[in-house]
Amino acid sequence: MQSLQDKASEWSGVAAADAFAIDGCNIFEALGGTPQPFVDLSTNFYTRVYEDEEEWFREIFAGSKKEDAIQNQYEFLIQRMGGPPLFSERRGHPALIGRHRAFPVTHRAAERWLHHMQQALDTTESIDADSKAKMMNFFRHTAYFLVAGLETTRQHSHGCRGTACKHGASKPAE
Ligand code: HEM
């Protein structure tokens, strides 16, 4: 059977090695070792999401306050990109598939999410071009990992046990 990682690679068009190139360097340190670039990116991203002209997409986020969504995202990104484990300290294990179970994470929703993230990256000056490219590969792969994981758990209702979930893992200590 095709693994979730394989499906994510096929659907996103991003090989696992490119998706996890973020682990071959420390993007948090490369960007200055402060939360600011991640706060900038998440604020930019969610401002676009909450103002999306596509109501069906905006509605997916209607149950969360924008400020909370921004903080949840930038703390996750800081942790995942080599910084302190802010997300896990406040929210627990990222468990991304489980945390998205309540939402309709379809192929169409993934493309819309990625559209906003690409635009947010393009207009965030505190992140350099190389980091942007690496982050976008990670985002594309993770978005389709979520689509595949949620399709699977909805079909078989057995969670993502036994699956290597590198998407949410903290960067290993160096
Ligand atoms: C939270 C939707 C992709 C990481 C959320 C929330 C929604 C959502 C509605 C709740 C907002 C909040 O209260 O924080 C989606 C959709 C996606 C998607 C439709 C399309 C594929 C992603 C990707 C990542 C991600 C690619 C990581 C790279 C997170 C994190 C949270 C979150 C870390 C916060 C969870 C928490 O604190 O409980 N997402 N998401 N999401 N999402 Fe996504």
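Looking at (1) assigned to a helix (DSSP H, G or I); (2) of a type in the set (Gly, Ala, Ser); (3) more than 14 Å from the ligand (Cβ to nearest atom); (4) under 21 Å from Ser131 (Cβ atoms), which one does Ser9 not meet, given that it meets all the others?
(4)
Per-residue answers, yes or no, for (1) among the small types (Gly, Ala, Ser); (2) within 12 Å of the ligand (Cβ to nearest atom); (3) touching an Asp or Glu at 6+ places or on another chain (Cβ under 7 Å):
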| position | (1), (2), (3) |
| --- | --- |
| His100 | no, yes, no |
| Phe103 | no, yes, no |
| Trp113 | no, yes, no |
| Ala120 | yes, no, no |
| Thr123 | no, no, no |
| Ile127 | no, no, no |
| Lys134 | no, no, no |
| Asn137 | no, yes, yes |
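In this structure, is Gly32 assigned to a loop (DSSP other than H, G, I, E, B), more than 10 Å from the ligand (Cβ to nearest atom), open to solvent by less than 40 Å² (accessible area, probe 1.4 Å) and not hydrophobic (A, V, I, L, M, F, W, C)?
Details: assigned to a loop (DSSP other than H, G, I, E, B): yes; more than 10 Å from the ligand (Cβ to nearest atom): yes; open to solvent by less than 40 Å² (accessible area, probe 1.4 Å): no; not hydrophobic (A, V, I, L, M, F, W, C): yes.
The answer is no for Gly32.
Those residues that are near the ligand (Cβ under 10 Å from one of its atoms) and surrounded by fewer than 17 Cβ atoms within 10 Å (Cβ to Cβ), I need them from the stretch 68-95; list them, please.
Going residue by residue through the stretch 68-95, those that are near the ligand (Cβ under 10 Å from one of its atoms) are 68-77, 79-80, 87, 90-92, 94-95.
Scanning the stretch 68-95 gives Asp68, Arg90, Arg91, Gly92, Ala95.
For the stretch 35-67, give me each residue that is under 16 Å from Arg112 (Cβ atoms), open to solvent by 20 Å² or more (accessible area, probe 1.4 Å) and in a helix (DSSP H, G or I).
Within the stretch 35-67, Asn44, Tyr46, Thr47, Arg48, Tyr50, Glu55, Trp56, Arg58, Glu59, Ile60 qualify.
The values are calculated or read from the model by the stated rules, or taken from the named source; none is laboratory data. Quantities reported herein were computed from a predicted structural model and do not represent experimental measurements. Backbone-built Cβ (ideal geometry, glycine too); neighbour counts: all protein chains shown. Accessible surface areas use protein heavy atoms only, side chains included; no ligands, DNA or RNA. Shrake-Rupley method; radii C 1.70, N 1.55, O 1.52, S 1.80 Å.
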